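Reading through the structure tokens given below for one structure.
The values are calculated or read from the model by the stated rules, or taken from the named source; none is laboratory data. It should be emphasised that the depicted structure is a prediction, and the values quoted were computed from it without experimental measurement. Don't worry about glycine lacking a Cβ; one is built from the backbone with ideal geometry, like all the others, and counts go over all protein chains shown.
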Amino acid sequence: MRLRNIPEAKGVVAESGYVIHPDMDEILTSETLFGRNLPLAVEIGMGKGGFILGMAAQHPETGFLGVERYESVLFKAIRKMEELDEAGTAPDNVRFYCVDAGLLPMHLAPESVDVLYLNFSDPWPKARHHKRRLTSREFLAVYEKFLKKGGRLEFKTDNEALFDFSLEEIGETPGWTLTDVTRDLHRDPVLSEGNVMTEYERKFSLLGSRICKLTAVREGGMMQEKV
Ligand SMILES: C[S@@+](CC[C@H](N)C(=O)[O-])C[C@H]1O[C@@H](n2cnc3c(N)ncnc32)[C@H](O)[C@@H]1O
């Protein structure tokens, strides 16, 4: 993603009531995030927030934590939320967190997350950067620290090479089972049901790209209900 520096972004992220700023040793739960006990879904690399805001509206019974590492990107999601607020339609089940995904286990307790969404993650095309891909086995080990056994990871991308890599990494990592795979999500009548498009998904599908999607389950528990 090309980043435009937005001078006011830092201040807006720091001040926004939609953004959490946990203390060093604070553990996040749906109670502390939303004031009530809800299943917890996390999106990593949420970008401008179209997906998470759409999902939150579609699933008011689930709490959504959107994670984005750049303030100048998160800023756009905050502005969207403020517009919804002005219209009286802001969901009360979304919080944002500006942090790198690798640091999430500091604040998310083991077995606390029901579903993890990765959408159009940066492809890091150079082989030597493969550990930075959010579907690498290194990141799967990070997710194992907070995803429930039986919890799901859902990943969408237009990038076939990254999709192939992701299928291989998940397939070769003990403790994970692939449950759904499509290379043409928008023409798959079952998997496209309830699909909420991300900003990248809208852009690339308008350009004619096919959207790939996989779902994988962390083994060892009851499969979580579909969010
Ligand atoms: C290509 S954009 C996709 C944005 C959005 N998910 C979409 O589909 O429209 C990837 C986003 O992931 C964020 N990102 C990449 N690596 C991350 C990491 N390790 N932790 C948190 N966010 C990350 C980037 O800053 C960027 O906003």
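In the set (1) within 15 Å of the chain's Cα centre (by Cα); (2) surrounded by fewer than 24 Cβ atoms within 10 Å (Cβ to Cβ), Ala41 fails one condition alone, (2). Tallying residues that are in a helix (DSSP H, G or I), of a type in the set (D, E, K, R) and touching a strand residue (DSSP E or B) at 6+ places or on another chain (Cβ under 9 Å) within the stretch 99-137 yields 0. Every condition in (1) out of contact with any helix residue (DSSP H, G or I) (no Cβ under 9 Å at 6 or more places or on another chain); (2) surrounded by fewer than 17 Cβ atoms within 10 Å (Cβ to Cβ) is met by Arg79 except one, and the failing one is (1). Specify which of the listed residues (Ala56, Ala14) is free of Cβ contacts under 8 Å to residues at least 24 places away in the same chain and part of a helix (DSSP H, G or I). That would be Ala14, the only listed residue that is free of Cβ contacts under 8 Å to residues at least 24 places away in the same chain and part of a helix (DSSP H, G or I). The residue list Ala127, Ala57, Ala109, Ala87 contains one member that is surrounded by fewer than 17 Cβ atoms within 10 Å (Cβ to Cβ), at pLDDT below 95 and on the phi < 0 side of the Ramachandran plot, which is Ala127.
Within the stretch 187-196, can one find any residue that is near the ligand (Cβ under 9 Å from one of its atoms) and exposed (fewer than 15 other Cβ atoms within 10 Å of the Cβ)? No, every residue in the stretch 187-196 fails to be near the ligand (Cβ under 9 Å from one of its atoms) and exposed (fewer than 15 other Cβ atoms within 10 Å of the Cβ). Note on the stretch 143-164: among residues that are part of a loop (DSSP other than H, G, I, E, B) and within 12 Å of the ligand (Cβ to nearest atom), the one that is surrounded by the fewest Cβ atoms within 10 Å (Cβ to Cβ) is Asn159. When Leu178, Leu167, Leu140 are checked against the criterion of being outside any helix (DSSP H, G or I) and either within 16 Å of the ligand (Cβ to nearest atom) or without any contact (Cβ under 8 Å) to a residue 60 or more places away in the chain (or both), Leu178 stands alone in meeting it. The single condition among (1) at pLDDT 95 or above; (2) of a type in the set (Val, Ile, Thr); (3) crowded, with 18+ Cβ neighbours inside 10 Å that Thr179 does not satisfy is (3).
The set of residues in the stretch 25-53 that are among the polar types (S, T, N, Q), over 21 Å from Gly102 (Cβ atoms) and outside any helix (DSSP H, G or I) contains only Asn37.
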